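The values are calculated or read from the model by the stated rules, or taken from the named source; none is laboratory data. Just so you know, these numbers come straight off a predicted model, no measurement behind them. For neighbour counting, all protein chains shown are included, and Cβ atoms are generated from backbone atoms with ideal geometry for every residue, glycine included.
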Amino acid sequence: MDQKVKDNLKQIFGFSQFRGNQEAIVDNILGGSNTFVIMPTGAGKSLCYQLPAVIKGGTAVVISPLIALMKNQVDQLNAFGINAYFLNSTLNKSESTKVKKEVLAGKTKLLYVAPESLTKEENIQFLKEAQLSFVAIDEAHCISEWGHDFRPEYRKIKSIIGQIGENLPIIALTATATPKVQQDIQRNLQMEEADLFKSSFNRTNLYYEVRPKVKNETKKQIIKYIKSQKGKSGIIYCLSRKKVEEIAELLKVNGVSAAPYHAGLDQSVRVKNQDDFLNEEVDVIVATIAFGMGIDKPDVRYVIHYDVPKSLEGYYQETGRAGRDGLEGHCLMFYKYDDIIKLEKFNKDKPVTERENARVLLQEMAAYAESTVCRRKSLLHYFGEYMEKDCGFCDNCKHPKEKFEGKELLTHAIEAVKATNSRFNIDHIVNVIRGEQNEYMVSYSHDKLDIFGIGKDEDERLWKTVIRQAMINNFLEKDIENYGVIKITPKGLEYLAAPYSIMMSKDHDFEQMLIDETPD
Ligand code: ADP
Ligand code: ZN
């Protein structure tokens, strides 16, 4: 069996070796087990299901939200000599009838299906009749409201799989999943028992930097930076179409070869600008997040965020487009808290839970930007990875903020969590430490605790960063079952029993450095 798999890898896909976890994943799928793959973009997820699909009898159904990319993927597979089709809303009646006929004839190895098409009754009937090998769910984070790209139809996938085949193995794949999202996916697909293959998210060749966004100053800095990178490819992300146009124009009048990209442009203009960027006719693409899904330009040397992204997952995904070739990539974000507030306001008409989720994601984003902790450490912590040492390759490592002895503060923070029985969120814990009276304090009698008010001389901001640093360093943890509740870890308990010296740092004081930008 082993040899057959390797032969196929070489003969069909032209690769002489597997990368990372690929071989173990392929084996697992061939063994018929439910499989959960978490692998950064560009690491080679597609092969993980394409290869077993070719080897197994029957057709593998691949559910993917990226309609625009399905045709490319299928064309590529066809070029490898693999019988593959797609089923989505771009096909007319006779085209989809033809696809179904081919699949039912039993030769097709892969069938890509858009979630919207999957939910159609006629398609469910058709899939019931087809001989299927397994179902792969690409971009599985779309299942979770806590992901950066929630798609309601993704929530229906499990029940549809239940209808189309008993015991069909499920393969879920995603490039981003915080522990919370991971759990959501597994629960929703009822695959808690699935074998998990999680690769590290550390992109060691990316340099992370955050600068304050300052009126007039930021645009000058961007022009200067890009001019210093002459001839290299870069992406600038902005939140609004208007901003994209403005920055692209600004760059052009300053002699930079740049083009805009956003969903409001004509399809033909969008395609041209994207091609110009890929073919290096232009150096810089200024874009909304509409740009980038599936774009694979290996030598993007920098990604600039002119506006703060809506979540750290989005940030990771967007910055991840730099340095795909393994060479250095610079990730530069311009940040001001006002942008966070502005983004929160956009959500004001959304349903309560959606709004609250978005708010929490934005607060995590703000905490990351303002933190003086190693960026990589913070980012990986967000994805559930613990890094022992600082990375040495981010702004906070290169220009460390002055540290202070944090033993007493850390001890108080852990004690406060303990005294309130690991049942409250960061805001409440800080209020306990700072002795803020409110109805919660009274109803839980937390104002009677020894710890109540013990840290009233320090401000809320400092206490929050102490607690965050305690989490990044594994003394405390956020309970993902119970969003927001902070708990003590075994390491935290050990620390309370025998505290030792620990250096901490205050957050950046960006507010001091910036005076608000002109309203946009
Ligand atoms: P992902 O879906 O994880 O973003 P892809 O499946 O698109 O990544 O793969 C990224 C690139 O890596 C593709 O160009 C693919 O051909 C290549 N690739 C995948 N597996 C291998 C391998 N074992 N050896 C060499 N290249 C590979
Ligand atoms: Zn670092």
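Checked against the criterion of being closer than 29 Å to PHE510 by Cβ and either surrounded by fewer than 19 Cβ atoms within 10 Å (Cβ to Cβ) or of a type outside the set (Phe, Trp, Tyr) (or both), the candidates LYS448, LYS456 yield just one match: LYS456. Within the bounds of the stretch 258-267, is there any residue that is free of Cβ contacts under 8 Å to residues at least 60 places away in the same chain and of a type in the set (Ser, Thr, Tyr)? Within the stretch 258-267 (the criterion being free of Cβ contacts under 8 Å to residues at least 60 places away in the same chain and of a type in the set (Ser, Thr, Tyr)), the answer is yes, since at least one residue qualifies. The residue of the stretch 417-434 that is surrounded by the fewest Cβ atoms within 10 Å (Cβ to Cβ), among those that are in contact with a strand residue (DSSP E or B) (Cβ under 8 Å, 6 or more places away or on another chain) and within 21 Å of VAL360 (Cβ to Cβ), is ARG423. Report yes if HIS428 is touching a helix residue (DSSP H, G or I) at 6+ places or on another chain (Cβ under 7 Å), free of Cβ contacts under 8 Å to residues at least 40 places away in the same chain, under 17 Å from ILE488 (Cβ atoms) and more than 16 Å from ligand 2 (Cβ to nearest atom), otherwise no. So HIS428 passes the test.
Of the set (1) over 30 Å from ASN482 (Cβ atoms); (2) under 25 Å from the mean Cα position of the chain (by Cα), all apply to SER133 but (2). Taken over the stretch 396-410, the criterion of being in contact with a helix residue (DSSP H, G or I) (Cβ under 7 Å, 6 or more places away or on another chain) and more than 22 Å from TYR495 (Cβ to Cβ) is satisfied by ASN396 alone. Taking the stated definitions as given, is ALA177 part of a strand (DSSP E or B), touching a residue at least 60 places away in the same chain (Cβ under 8 Å) and within 30 Å of THR319 (Cβ to Cβ)? Considered against the rule, which asks whether it is part of a strand (DSSP E or B), touching a residue at least 60 places away in the same chain (Cβ under 8 Å) and within 30 Å of THR319 (Cβ to Cβ), ALA177 comes out as no.
For ALA175, the conditions (1) modelled with pLDDT of 90 or more; (2) crowded, with 17+ Cβ neighbours inside 10 Å; (3) among the small types (Gly, Ala, Ser) all hold with the exception of (1).
When the stretch 65-77 is filtered for residues that are within 10 Å of ligand 1 (Cβ to nearest atom) and crowded, with 18+ Cβ neighbours inside 10 Å, only GLN73 remains. With the checklist (1) touching a helix residue (DSSP H, G or I) at 6+ places or on another chain (Cβ under 7 Å); (2) of a type outside the set (Val, Ile, Thr); (3) modelled with pLDDT of 90 or more; (4) over 17 Å from VAL37 (Cβ atoms) in hand, flag the one item GLU153 doesn't pass. Only one criterion is unmet by GLU153, namely (3).
Selection within the stretch 78-90: residues that are under 25 Å from TYR154 (Cα atoms) and touching a Ser or Thr at 6+ places or on another chain (Cβ under 9 Å). The member of this set that is surrounded by the most Cβ atoms within 10 Å (Cβ to Cβ) is PHE86. Within the stretch 142-159, the only residue that satisfies the criterion of being touching a residue at least 40 places away in the same chain (Cβ under 8 Å), surrounded by fewer than 19 Cβ atoms within 10 Å (Cβ to Cβ) and not in a loop (DSSP other than H, G, I, E, B) is LYS156.
If you go through the stretch 349-402 and keep only what is of a type in the set (Gly, Ala, Ser) and over 21 Å from the mean Cα position of the chain (by Cα), you end up with just GLY392. Confirm whether GLU166 is modelled with pLDDT of 95 or more, of a type in the set (D, E, K, R) and either touching a strand residue (DSSP E or B) at 6+ places or on another chain (Cβ under 9 Å) or outside any helix (DSSP H, G or I) (or both). Against the criterion (modelled with pLDDT of 95 or more, of a type in the set (D, E, K, R) and either touching a strand residue (DSSP E or B) at 6+ places or on another chain (Cβ under 9 Å) or outside any helix (DSSP H, G or I) (or both)), GLU166 does not qualify.
Restricted to the stretch 112-130, and to residues there that are in a loop (DSSP other than H, G, I, E, B) and under 31 Å from the mean Cα position of the chain (by Cα), the residue that is nearest to ILE160 (Cα to Cα) is THR119. Against the numbered list (1) under 26 Å from ILE63 (Cβ atoms); (2) crowded, with 17+ Cβ neighbours inside 10 Å, SER233 comes up short only at (1).
Here is a yes/no grid of residues against (1) within 28 Å of THR178 (Cα to Cα); (2) away from ligand 1 (no atom under 16 Å from the Cβ); (3) surrounded by fewer than 16 Cβ atoms within 10 Å (Cβ to Cβ):
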site	(1), (2), (3)
LEU362	yes, yes, no
GLU370	yes, yes, no
TYR382	yes, yes, no
ASP390	yes, yes, yes
PRO400	yes, yes, yes
ILE414	yes, yes, no
GLU436	no, yes, no
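Listed by first and then second residue, the pairs with beta-carbon distance under 8 Å, at least 6 apart or on different chains, first residue in the stretch 69-98 and closer than 24 Å to GLU122 by Cβ, second part of a helix (DSSP H, G or I) and among the basic types (Lys, Arg), are PHE86/LYS71; LEU87/LYS100; THR90/LYS71. In summary, GLU354 fulfils each of the numbered conditions (1) surrounded by fewer than 20 Cβ atoms within 10 Å (Cβ to Cβ); (2) closer than 29 Å to ARG151 by Cα; (3) within 16 Å of ligand 1 (Cβ to nearest atom); (4) of a type in the set (Asp, Glu) with the single exception of condition (3). Within the stretch 237-276, the set of residues being outside any helix (DSSP H, G or I) and out of contact with any strand residue (DSSP E or B) (no Cβ under 9 Å at 6 or more places or on another chain) comprises LEU239, SER240, ASN254, GLY255, ALA263, GLY264, LEU265, ASP266. Residues considered: THR59, THR41. Of these, the only one that is in contact (Cβ under 8 Å) with a residue 24 or more places away in the chain, surrounded by 22 or more Cβ atoms within 10 Å (Cβ to Cβ) and either hydroxyl-bearing (Ser, Thr, Tyr) or within 14 Å of ligand 1 (Cβ to nearest atom) (or both) is THR59.
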